[in-house]
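Quick notes on the structure that follows.
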Amino acid sequence: MARAMVGAALIVLFAWLTHRYFDGRLLLAPLAELARQPVRFAAVLVVYGASFWLRAWAWKQYVGKPLGLSVYGRAVLLSLFVNHVAPVKIGDAARVAVLARQPGVSLGEAVESVAVMRFLDMAMLGGWTVIGTYAYRHHIPRVPLLAAAVAAAFALTVVVLRRPLRLERLWRRWRTVFQGRRGAGIVAAVAASWLCEAAVIGAVAETVGLSLSFWQAVWVNSATVSGQIVQVAPGGLGTYEAVMAFALTTLGASGERAYAAAVVTHAVKFLFSYAAGAVVLAFWRSDWQVVQGVWKKGREKR
């Protein structure tokens, strides 16, 4: 209930920002600028795409099964696609469904691995957000609140997937997986993936006249994506723009430019998610059944 209320409040804020700052010319200018630099824009998309490859690689290392990286990669991209077409965040269910269909992988293993990878994602995002908030706002978010958010995200994943996790078995597995180079590689890949995702924000911000340092872009991205735990519309529409605009104004951007950067950045990510989903479904048509099943379950939960 509280999550829905916060999400609704952010959508109202986005509506107010749209009423006050919407300027068609300012929104079209960044797109035109990106179109005039196709090589640079393609490079940005490659870096952005690498973020999902890194998450897929980390997931593969955690599962430890003799499956090709493409299995994990397409599951991650399908998850992204589903989250951008469904009104609630049910993309993780698509990841579970794709992995559980593979030989030698049980449903329980698939659920566990997705939950753990989601936990790592939230931990990394929370870490980057806290560091950036202290650096740019000279304030550390309340630790209990952050811990509760991370714990809630992990618990929500488990509840949504409706499968119990045996903590004792998990603890033994984590001690095995996260010791040594394997564990370090998984954590490093997840951390690096969120650094790569900031590339889109940095590129779009520049086209609207905002000069962000690399670490500023990382903080804006981390804070914005962290805010999507209250998503109430496909792809976090409205909540994404509201949080990102706030983060950019914190760094000194004007309301108009912060709003334009947020809208265009989210538009680019929407287009990427649809394109990636289309490519996956074109080459792995059998996965369309997975998407349909997840979509049906998502509609039933509304």
The listed residue being in a helix (DSSP H, G or I), at pLDDT 80 or above, surrounded by fewer than 20 Cβ atoms within 10 Å (Cβ to Cβ) and not polar (S, T, N, Q), out of ALA258, ALA275: ALA275
Which numbered condition GLY209 fails, given (1) surrounded by fewer than 16 Cβ atoms within 10 Å (Cβ to Cβ); (2) assigned to a helix (DSSP H, G or I): (2)
Matching option when the condition is at pLDDT below 90 and either farther than 27 Å from ALA191 by Cβ or assigned to a helix (DSSP H, G or I) (or both), among PHE52, PHE14: PHE14
Condition met for ALA75 (closer than 22 Å to GLY236 by Cβ, at pLDDT 90 or above, of a type in the set (A, V, I, L, M) and in a helix (DSSP H, G or I)): yes
Top-ranked residue in the stretch 89-136 [being in contact with a Ser or Thr (Cβ under 7 Å, 6 or more places away or on another chain) and of a type in the set (Phe, Trp, Tyr); ranked as farthest from VAL218 (Cα to Cα)]: TYR136
The stretch 241-254 residues that are within 14 Å of THR133 (Cβ to Cβ) and in a helix (DSSP H, G or I), paired with ones that are hydroxyl-bearing (Ser, Thr, Tyr) and at pLDDT below 90 (beta carbon under 9 Å, 6 or more apart): VAL243/SER226; ALA247/TYR136; THR250/THR133; THR250/TYR136
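Yes/no per residue for (1) touching a residue at least 24 places away in the same chain (Cβ under 8 Å); (2) more than 14 Å from the chain's Cα centre (by Cα):
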residue	(1), (2)
ARG40	yes, yes
LEU69	no, yes
LEU80	yes, no
PRO103	no, yes
SER113	yes, yes
VAL116	yes, yes
Residue within the stretch 219-230 that is part of a helix (DSSP H, G or I), on the phi > 0 side of the Ramachandran plot, modelled with pLDDT under 85 and within 20 Å of the chain's Cα centre (by Cα) present: no
In the stretch 192-206, the residues that are among the small types (Gly, Ala, Ser) and surrounded by fewer than 19 Cβ atoms within 10 Å (Cβ to Cβ): ALA192
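The values are calculated or read from the model by the stated rules, or taken from the named source; none is laboratory data. Just so it is clear, the structure is predicted and the values come from calculations on it, not from any experiment. Here Cβ is always computed from backbone atoms with ideal geometry, including for glycine, and neighbour counts include all displayed protein chains.
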